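These notes concern the structure reproduced below.
The values are calculated or read from the model by the stated rules, or taken from the named source; none is laboratory data. All values reported here derive from a predicted model rather than from experimental measurement. For neighbour counting, all protein chains shown are included, and Cβ atoms are generated from backbone atoms with ideal geometry for every residue, glycine included.
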Amino acid sequence: MKKHAITLTVNGEERDLVVPSNRTLLDALREDLGYTDTKYGCGTGECGACTVLVDGTTSINGCLTLAATMDGASITTAAGLAQDGNLHPVQQAFIDNDAIQCGYCTPGMVLKVVSLLDENPTPTENEIRSGLEGSICRCTGYTKIVEAVQDASNRMAGVGE
């Protein structure tokens, strides 16, 4: 099998690795580079547990993306969102609104929300629910998650400060 030398910047740290042609970004992040906050869920792009951000704002499914195609990309996992010891507003809103149950889906869900709020800083409830499609939480009915997204939107807009 052909192998590819690639460079990824993951959570601000440049990382070089050699990957086989069929290696997924998810496997490269978890197994080759040790970023275990990105989760394996379904392997078919349906659950969102493997969501990462590319170049800061675009969410993708790591299980469907070949690592070799990401050469030169900047990848953010949930662990890379915090800055200077402070959680990202989306992360803090998930905590403050009790939008976390078992936590397995949370990293991918948070990254999907960061991407959603970058595209639409003030989404309606329907836009939030639509934006979360492809991210499955098996522990909740999504009410708390939607509330957390609304709260994060307000925090990022400076509402209530």
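Pull up the stretch 33-54, narrow it to residues that are among the polar types (S, T, N, Q) and touching a residue at least 24 places away in the same chain (Cβ under 8 Å), then point me to the one that is surrounded by the most Cβ atoms within 10 Å (Cβ to Cβ).
Here the answer is THR51.
Please work out which one of (1) outside any helix (DSSP H, G or I); (2) polar (S, T, N, Q); (3) not assigned by TED's automatic domain parsing to the domain that holds PRO20 is the condition ASN126 fails and give its number.
Failed condition: (1).
Tally up the residues in the stretch 100-117 that are touching a Phe, Trp or Tyr at 6+ places or on another chain (Cβ under 7 Å) and outside any helix (DSSP H, G or I), please.
So the count comes out to 1.
Among the residues of the stretch 105-131, which ones are touching a residue at least 24 places away in the same chain (Cβ under 8 Å) and either surrounded by fewer than 17 Cβ atoms within 10 Å (Cβ to Cβ) or among the aliphatic types (A, V, I, L, M) (or both)?
Matches in the stretch 105-131: MET109, VAL110, LEU111, VAL113, VAL114, LEU116, LEU117, ASP118, GLU119, PRO121, THR122, GLU125.
Quick one: ARG30 ticks every box in (1) of a type in the set (D, E, K, R); (2) without any contact (Cβ under 8 Å) to a residue 24 or more places away in the chain; (3) within 20 Å of VAL114 (Cα to Cα) bar one, so which box is it?
Going through the list (1) of a type in the set (D, E, K, R); (2) without any contact (Cβ under 8 Å) to a residue 24 or more places away in the chain; (3) within 20 Å of VAL114 (Cα to Cα), ARG30 breaks only (3).
In the stretch 55-98, how many are surrounded by fewer than 18 Cβ atoms within 10 Å (Cβ to Cβ) and either touching a strand residue (DSSP E or B) at 6+ places or on another chain (Cβ under 6 Å) or among the small types (Gly, Ala, Ser) (or both)?
8
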